1. Collect the residues in the range A:51-73 that are buried (at least 20 other Cβ atoms within 10 Å of the Cβ), more than 14 Å from every other protein chain (Cβ to nearest Cβ) and not small (Gly, Ala, Ser), keeping them in residue-number order.
2. Considering every residue within the range B:15-38, establish whether at least one is modelled with pLDDT of 85 or more, within 14 Å of chain A (Cβ to nearest Cβ) and surrounded by 19 or more Cβ atoms within 10 Å (Cβ to Cβ).
3. Would you check if B:Gly117 is more than 21 Å from B:Gln21 (Cα to Cα) and crowded, with 23+ Cβ neighbours inside 10 Å?
4. Tell me which of these A:Pro48 doesn't satisfy, since it passes every other one: (1) more than 12 Å from chain B (Cβ to nearest Cβ); (2) assigned to a loop (DSSP other than H, G, I, E, B); (3) farther than 24 Å from A:Gln147 by Cβ.
5. I'm told A:Arg109 meets every condition in (1) open to solvent by less than 50 Å² (accessible area, probe 1.4 Å); (2) among the charged types (D, E, K, R); (3) at the interface with another protein chain (Cβ under 10 Å from one of its Cβ atoms) except one. Can you identify the failing condition by its number?
6. Identify, from the list A:Arg136, A:Arg158, the residue that is of a type outside the set (A, V, I, L, M, F, W, C), more than 12 Å from every other protein chain (Cβ to nearest Cβ) and more than 27 Å from A:Glu199 (Cα to Cα).
7. Hey, could you check the range A:242-292 for residues that are aliphatic (A, V, I, L, M), in a loop (DSSP other than H, G, I, E, B) and under 31 Å from the mean Cα position of the chain (by Cα) and say which is nearest to A:Gln302 (Cα to Cα)?
8. One residue is enough: does the range B:213-231 have a residue meeting the conditions loosely packed, with under 13 Cβ neighbours inside 10 Å, more than 15 Å from the chain's Cα centre (by Cα) and not in a helix (DSSP H, G or I)?
Amino acid sequence: MHAYAVPVADDPLDLVVSSVRIRYGTTVAVHDATFRARRGEVTAVVGPNGAGKTSTIEACEGFRTVDAGSISVLGLDPRRDRARLAPRTGVMLQQGGIYPTARVGETVRLFCALHGSVVDPDDLLGRLGLASLASRPWRRLSGGEQQRLSLALALAARPDVAFLDEPTNALDLDARAVVRSVVRNLASSGAIVVVATHELAEAERFADSVVVFDRGRTVGQFGMDEVRRGDGVRVRLDRPVDTSRLVGVIGDVIDEGNGWWRMPARSEVGPVVAALQPLVATGEAAILDVTVSAGGLESHVQRILGRG
Amino acid sequence: MTVLLSYVRFELRLLLRNPEQLLLVLAIPAGLLVFFGTVDVLPDPTSLPFLVPGVLSLAILSSTMTGLGIATGFQRSSLALKRLGATPLGARRLVLGKSIATGTVVALQLAVLGAIGATLGWRPETTGIPAALLAASLGGLACAGIGIGVAGRLRAEMTLAALNALYLVLLLASGFVLDTVHLPRLVGTVIEVSPATAMTSALRDALSGATVDGRDWMVLASWAVAAPLLAARTFRWDAD
């Protein structure tokens, strides 16, 4: 049972991560990860370093086995059905992933060929602004150029599911705009797009849904429309409560995870606290914190992480 | 098939474009062959039937253990292997592709070095060629197993140092150009069970028309099975 509401959807072809646990030897890297990434949406995976994001995504890519729980990608098991998923999967690693002496053009051509030539390599080079760099080896590219090449390789599959690790890292403003557009177009084509990122300002611009990791657990998942709508009074309670009886008093009550509840219809603290008094008086819950939202993804995530 | 061919072409282009690789796999063996084949600086036996198979064996060691191992180490540390593993190429075709590319380079080496040897006056016994090819295949497999085994566990820089050091030791001690009878007894005993020494000895016997020593076949076959198996069991696709 999770402390936040996992988006419910019926599409069996979504990416569904359920109660996943991953260990390396005696170290548990992921205690409990649960989230859903829908087709046609960009799902941003955020959280501090070492929170379990990369391990979970690598399990979704089929690189790692899970010790408990399950992962379903396009209705398939990423480990067992790896051969069936690989042609439909685009992967962008955070760093490297390319032979240091390989040239841009030949690398893109190789990856297009490996994925059955469903994408024209010259077109791909043009879309990512790499055409003029086709004969340059990977090791002589700038950080931003390397990022764009890595993204190009993820697109060589014309993927149904794409895992992009820090795609806007080290990019200048123009390149960021190109990458945002590519990522949005990919989702528009119907693909599941999962983006691991530390850049919340960027995620706010391209994500539809956000999953928050902390200390090996997913501690929240919410839609960006919620953040954009985002204002209201937030209350942190010490335990889960049945909020249905509050709705009539203070309007919608949204579970944001980690004990936080948001009342988007309210902009003043007083009436909300007054409405919660019956719960406090009967010992059903205690109020730990109350804020009036400043809005924005960063403050939203900080609140969920308990640092807001 | 298209996937595999695309990958083999890519690997070969990278191999043949890399000056360090070319130096290692072709220039050094060819230089040794020409030098020792034309300048009388070594004690006997330095005749061409001794020298040419030794250099062929050294060339195979260069490509399969040192060249392949070092390249694999850097590809692993740059996460290129991991990334390729996520494509439809998959791990099996990746290994097969590397084997075909390396085998192609070895065939090229043997042709070039054999031609240089012939120019110097070497006349191998043609009836021994099938046995020589078998010895070269087993030796190549064994050396590739050692190279990939080291590359699959150590950091790229450590792989570079370790395989170059091993190459140097085997270059001097495995009878490529110096007979192992000159080695101290204990060192000689250890070095004789190395795949490089057994391959060199088998090539010399086969290409001079003699019967290959049963012990050499046993050493080669054991290494050819054990080294790749151990490498496969211990290999890590990720960088450390």
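1. Answer for the range A:51-73, where residues must be buried (at least 20 other Cβ atoms within 10 Å of the Cβ), more than 14 Å from every other protein chain (Cβ to nearest Cβ) and not small (Gly, Ala, Ser): A:Lys53, A:Thr56, A:Val66, A:Ile71.
2. Yes, the range B:15-38 contains a residue that is modelled with pLDDT of 85 or more, within 14 Å of chain A (Cβ to nearest Cβ) and surrounded by 19 or more Cβ atoms within 10 Å (Cβ to Cβ).
3. yes
4. Evaluating A:Pro48 over (1) more than 12 Å from chain B (Cβ to nearest Cβ); (2) assigned to a loop (DSSP other than H, G, I, E, B); (3) farther than 24 Å from A:Gln147 by Cβ leaves (3) as the failure.
5. (1)
6. A:Arg136
7. A:Val253
8. Taking every residue of the range B:213-231 in turn, none turns out to be loosely packed, with under 13 Cβ neighbours inside 10 Å, more than 15 Å from the chain's Cα centre (by Cα) and not in a helix (DSSP H, G or I).
The values are calculated or read from the model by the stated rules, or taken from the named source; none is laboratory data. Note that this is a predicted model, so its numbers are computed, not measured. We place every Cβ from the backbone using ideal geometry, glycine too, and count neighbours over all the protein chains shown. Each accessible area value is taken on the protein alone, full model and side chains, heavy atoms only, with ligands, DNA and RNA left out. Shrake-Rupley method; radii C 1.70, N 1.55, O 1.52, S 1.80 Å.
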